[in-house]
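As C-alpha cells, the structure follows; a few thoughts come after it.
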Amino acid sequence: MAPVLRIDAVTKRFGAVVAVDDVSIDIGANECVALLGASGCGKTTLLRIMAGLEQPDSGRVFIGDDDVTAAPPYARPVNMMFQSYALFPHMTVHENVAFGLKQDGIKGAELTVRADEALKAVELGDLGARKPHQLSGGQRQRVALARCIAKRPRVLLLDEPMAALDKHLRERTQLELLALRKRLGISFVVVTHDQGEAMAMADRVAVMENGRILQLAPPRDLYERPANIQVARFFGDINVWNGVARSDGAVEIAHLGITVAVDGKHVPGESVAVALRPERIAVAPVGGPGLRGRIEDLVYLGSGTTYFVRTPLGGVVRVLAPNTGTPFAHGESVTLTWPAAALMVLAP
Amino acid sequence: MTSAVRRRFVLAIPWLWVTLVLFAPLLLVLKISFATAQISVPPYSEFFARTDGVIVGIQATLANYALMFSDALYVKAYLGSVKIAAISTVIALLLGYPMAYAIARARPERRGLLLVLVMLPFWTSFLVRIYAWQTLLRPTGLINSALETLGLIDAPLRMLNTPGAVCLGIVYAYLPFMVLPLYARLEKLDPALLEAAADLGAKPWRAFLSVTLPLSLPGVLAGCLLVFIPAVGEYVIPELMGGPDTLMIGKILWTEFFNNRDWPLASAVTVILLIVLVAPIMLFQAVQARASRSP
Ligand SMILES: Nc1ncnc2c1ncn2[C@@H]1O[C@H](COP(=O)(O)OP(=O)(O)OP(=O)(O)O)[C@@H](O)[C@H]1O
Ligand SMILES: [Mg+2]
C-alpha cells in the first residue's frame with residue numbers, strides 16, 4: 001500500500017547545526033512510527049517538517065501522492081500535538097477543540113457534535129466549559145489530543161505526548177493512545193526519548209542520532225538485530241566484545257580468552273564487534289563447559305539480579321539473571337553459557 | 001517593630017502620597033466648583049457662610065454646572081476633545097500595534113534597541129519637537145515648499161492650525177505609550193499558539209484575529225487609555241498646532257482660569273472632565289479583572 005506520509009532525503013540546517021541530515025522515511029496507513037533518540041538529535045525538527053512548521057533545506061515531503069514540501073501547515077491534512085500542548089488560554093476546552101473544525105468550515109450542530117465526539121473519545125465529555133488553566137496536566141494533554149483527532153487528520157504527529165505525565169498515567173495513556181489509533185484508523189508519528197515507550201507503542205522505531213536515522217525497524221528487530229553498536233546500546237545495557245576473525249570464520253575475543261562462532265563471512269584478521277544481551281547469558285555454579293569467572297559485583301533489581309563477572313584474563317561480563325534459584329554471592333566462582341544464536345555481529 | 005506594624009507603615013507611604021497629590025487637591029477643586037467667582041483673593045466666594053467667625057451654613061451653587069449644560073460652547077468643547085482624542089487613539093493604535101508586534105517578533109537581542117528607538121523622542125524637550133512640527137507643516141514650511149518645488153501644488157496646503165495637525169501632534173507625542181503596553185503583552189505571547197492555530201488549519205490572518213488579537217486585548221486597552229486620557233485634557237498641542245476652529249476642553253479650561261479668572265467655572269469644567277474620563281477607566285478595570293481570572 002502507498003505510504004500516507006513520505007519524507008524523501010530531507011535535510012534541515014540551523015546555521016552550522018545539521019538538525020536533520022538526509023532522512024528518508026515512509027509512514028504507512030494506520031501505522032505507528034516512533035522517532036527515538038537522545039536530546040537534540042533532531043526528532044522535533046523532523047516532526048515539524050512533517051507538519052509544515054519548518055521548511056527543509058533540501059528533500060521532499062509527500063502526503064499520499066501530493067508533494068506538500070512547500071505547502072503551509074494550514075493546508076496539510078496532518079495535525080501535531082505540541083509538547084507544551086499549546087492550548088488557547090482564552091478559549092474553553094470545547095472552543096479549543098472546535099477551533100480546528102471551524103477552520104474547515106464546519107458550523108452549527110455538526111460543529112458541536114464533532115467537538116463533543118472528540119472530547120468523549122478522550123473521556124473529557126463533561127469538562128467542555130472549563131478553561132485550560134482549570135485543568136490538570138493529564139487533562140490538558142487529553143484536550144490537546146482531542147483538538148487534533150477532532151480534525152480526523154491522515155497523520156497525527158505527537159511530540160513527546162507523555163513527557164509531562166507521571167509514570168502511572170503515562171502507561172495508561174500509552175494504551176489509550178493505541179486503542180484510539182485502532183478505532184480511528186489514523187497513522188501516528190510519536191517522538192520520544194524513552195525506548196520503553198517507543199517499543200510499547202510503535203510498529204516501527206526510527207533510532208536517530210545527530211540528525212540521521214541509524215536504523216528503522218520493528219522493535220523486536222532493533223533489539224535482537226541492531227544494525228550497529230549505537231542502536232544496540234540504545235536498548236538497554238549490552239556486552240560488546242571486540243574480536244578478530246580467524247581463518248575458519250570464528251571470532252577470537254582476546255580479552256576473554258574465548259573463540260565464538262558467528263554468522264556471516266569475515267576476512268581473516270578483520271576486527272569484528274560481537275554483542276550479547278546480559279539476559280541471554282546463563283549463570284551456573286562452576287563445573288561444565290563455559291566461560292569461567294568470579295562475581296565481582298551484583299545489583300539486586302527485584303525481578304532479577306545484574307551480576308558483573310570478572311573472567312581470568314581480566315574482562316568483565318554483564319549478566320542479568322532472573323531471581324529464581326539460589327542467588328549467587330560476592331566472590332563466588334561461576335560458569336557463564338549462552339546460546340550461539342544470541343551472539344550478534346555489529347557493524348563497528 | 002512587629003511585621004503588622006511595619007506593613008502598615010510601608011502601606012502608609014503610598015496612601016499618604018495619593019492623599020496629598022490626588023484626593024486633597026480634588027476635594028479643593030470640588031469645593032471651588034460650587035462657589036461663585038468674585039474679585040478677591042482667592043477669586044471665589046467662601047464655601048462656608050460665617051457670622052463673626054462662626055460657621056452658620058454653606059453657600060454652594062450649582063450655577064457653574066448649569067452653565068456648562070446650557071452654554072453650547074462647553075458641550076461642544078467636551079465633544080470636540082473626546083472626538084479628537086478618540087481619532088488620535090485609533091490612529092495611534094493602528095500605528096502602534098504593528099510596531100509593537102514587529103518589536104515583539106524581532107530577535108531578542110534586537111528588542112532592547114528597538115524599544116529605545118521608540119522612546120528616543122522623549123530625550124529632547126517636548127516643546128522643541130512640537131516647534132519642529134510647526135516648521136514642517138506651516139504654509140512656508142518644509143513640506144509645502146518641497147511640494148511646490150516639485151510642482152505638485154500651486155498654493156501652499158493648510159496643514160498647521162487644523163484639527164488634523166492636532167491629531168498628528170497627539171499621535172506623535174503619545175505613540176510610545178501605546179507601543180509599550182502592547183509590546184509587553186505581545187512579547188509574552190507563546191509562539192507555539194500561533195503554530196498550533198496554523199496546524200489546525202487557520203490561515204495567518206485568521207490566526208491573528210482569533211489568537212493574537214484576543215490575547216493582546218488587555219494591552220490594547222491599556223495603550224488606548226494611556227493615549228486617550230491625557231489627549232482629552234491636552235492643552236499644549238491644540239494651542240500650538242490647532243486653529244481657532246479646534247475647540248478643546250483644555251483650551252477652555254485655560255481661558256476660564258487665566259484669562260477670565262473664573263476659578264469656580266474652571267473647577268466645574270475639571271470635575272465634569274474627570275467624570276468623562278472615569279468611565280473608560282472603569283471599563284478597563286472590568287476587562288482587566290476578567291483577564292486576570294483567565295490568564
Ligand atoms: N529554531 C532553531 N534554531 C536553531 N537551532 C535549532 C532550532 N531548532 C532546533 N535547533 C537545533 O537543532 C538540533 C535538533 O533539535 P530538535 O529540537 O529537533 O531536537 P530533539 O531531538 O527534539 O531534542 P529534545 O529531545 O531535547 O526535544 C539541536 O541541536 C537544536 O539546538
Ligand atoms: Mg524535541
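The values are calculated or read from the model by the stated rules, or taken from the named source; none is laboratory data. Only a predicted model underlies this, so the values are computations on that prediction, with no experimental measurement involved. Cβ: placed from backbone, ideal geometry, glycine included. Neighbour counts: every protein chain shown.
Here are the numbers:
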| quantity | calculated |
| --- | --- |
| Residue pairs meeting the criteria (Cβ under 8 Å; at least 6 apart or on separate chains; first among the hydroxyl-bearing types (Ser, Thr, Tyr), in region B:53-71; second part of a loop (DSSP other than H, G, I, E, B) and modelled with pLDDT of 85 or more) | B:Thr61/B:Phe34; B:Thr61/B:Ala35; B:Thr61/B:Thr36 |
| Those residues of region A:289-314 which are touching a Gly at 6+ places or on another chain (Cβ under 8 Å) and part of a loop (DSSP other than H, G, I, E, B), in sequence order | A:Thr311, A:Pro312, A:Leu313 |
| All positions within region A:8-46 that are closer than 19 Å to A:Glu160 by Cβ and among the aliphatic types (A, V, I, L, M) | A:Ala19, A:Val20, A:Val23, A:Ile25, A:Ile27, A:Val33, A:Ala34, A:Leu35, A:Leu36, A:Ala38, A:Leu46 |
| Members of region A:67-90 found to be in contact with a Lys or Arg (Cβ under 9 Å, 6 or more places away or on another chain) and away from every other protein chain (no Cβ under 13 Å), listed by number | A:Asp67, A:Val68, A:Thr69 |
| Considering residues of region A:75-107 that are of a type in the set (Phe, Trp, Tyr) and under 28 Å from the mean Cα position of the chain (by Cα) only, the residue nearest to A:Val190 (Cα to Cα) | A:Phe82 |
| Scope region A:95-107; condition facing chain B (nearest Cβ under 10 Å) and more than 18 Å from B:Ala196 (Cβ to Cβ); matching residues | A:Gly105 |
| Residue satisfying all of: in region A:26-47; within 6 Å of ligand 1 (Cβ to nearest atom) and within 14 Å of chain B (Cβ to nearest Cβ); surrounded by the fewest Cβ atoms within 10 Å (Cβ to Cβ) among these | A:Thr44 |
| Pairs with Cβ under 9 Å, 6+ apart, first in region B:191-208 and under 11 Å from A:Leu87 (Cα atoms) and at the interface with chain A (Cβ under 7 Å from one of its Cβ atoms), second outside any loop (DSSP other than H, G, I, E, B) and among the hydroxyl-bearing types (Ser, Thr, Tyr) | B:Leu193/B:Thr212 |
| Close pairs (7 angstrom Cβ cut-off, 6 or more residues apart or separate chains): closer than 20 Å to B:Glu256 by Cβ in region B:38-52, among the hydroxyl-bearing types (Ser, Thr, Tyr) and not in a strand (DSSP E or B) anywhere | B:Gln38/B:Ser45; B:Tyr44/B:Thr36; B:Ser45/B:Thr36 |
| Matching residues, region A:170-229, being modelled with pLDDT under 90, in contact with a strand residue (DSSP E or B) (Cβ under 6 Å, 6 or more places away or on another chain) and more than 14 Å from A:Leu36 (Cβ to Cβ) | A:Arg181, A:Asn228, A:Ile229 |
| Any hit, region A:214-228, residues being within 16 Å of ligand 1 (Cβ to nearest atom), touching a Gly at 6+ places or on another chain (Cβ under 9 Å) and more than 14 Å from every other protein chain (Cβ to nearest Cβ) | yes |
| Test for A:Ala51: is it over 23 Å from A:Gln195 (Cα atoms) and more than 15 Å from ligand 1 (Cβ to nearest atom) | no |
| Filtered residue count, region A:108-140, keeping only those that are within 14 Å of chain B (Cβ to nearest Cβ) and either more than 33 Å from the chain's Cα centre (by Cα) or closer than 17 Å to A:Ala86 by Cα (or both) | 9 |
| Complete set of residues in region A:324-348 that are surrounded by 12 or more Cβ atoms within 10 Å (Cβ to Cβ) and under 19 Å from A:Pro285 (Cβ atoms) | A:Pro327, A:Phe328, A:Glu332, A:Ser333, A:Val334, A:Thr335, A:Leu336, A:Thr337, A:Trp338 |
| Subset of region A:5-25 [away from ligand 1 (no atom under 16 Å from the Cβ) and within 20 Å of the chain's Cα centre (by Cα)] | A:Leu5, A:Arg6, A:Ser24 |
| Qualifying positions in region A:48-89 - charged (D, E, K, R) and more than 16 Å from ligand 2 (Cβ to nearest atom) | A:Asp57, A:Arg60, A:Asp65, A:Asp66, A:Asp67, A:Arg76 |
| Exclusive hit being surrounded by 19 or more Cβ atoms within 10 Å (Cβ to Cβ) and either over 25 Å from A:Arg318 (Cβ atoms) or away from ligand 1 (no atom under 16 Å from the Cβ) (or both), set A:Val191, A:Val205 | A:Val191 |
| Residues of region A:213-224 classified as touching a residue at least 40 places away in the same chain (Cβ under 8 Å) and surrounded by fewer than 17 Cβ atoms within 10 Å (Cβ to Cβ), total | 1 |
| Residue match in region A:49-62 (condition: polar (S, T, N, Q), surrounded by 15 or more Cβ atoms within 10 Å (Cβ to Cβ) and either within 23 Å of B:Lys203 (Cα to Cα) or within 31 Å of the chain's Cα centre (by Cα) (or both)) | no |
| Scope region B:106-121; condition under 15 Å from B:Lys188 (Cα atoms) and touching a residue at least 24 places away in the same chain (Cβ under 8 Å); matching residues | B:Arg111 |
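Table: residues versus (1) of a type outside the set (Asp, Glu); (2) farther than 19 Å from A:Gly257 by Cβ.
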{"residue": "A:Pro278", "(1), (2)": "yes, yes"}
{"residue": "A:Asp297", "(1), (2)": "no, yes"}
{"residue": "A:Gly304", "(1), (2)": "yes, yes"}
{"residue": "A:Gly314", "(1), (2)": "yes, no"}
{"residue": "A:Pro322", "(1), (2)": "yes, yes"}
{"residue": "A:Gly331", "(1), (2)": "yes, yes"}
{"residue": "A:Thr335", "(1), (2)": "yes, no"}
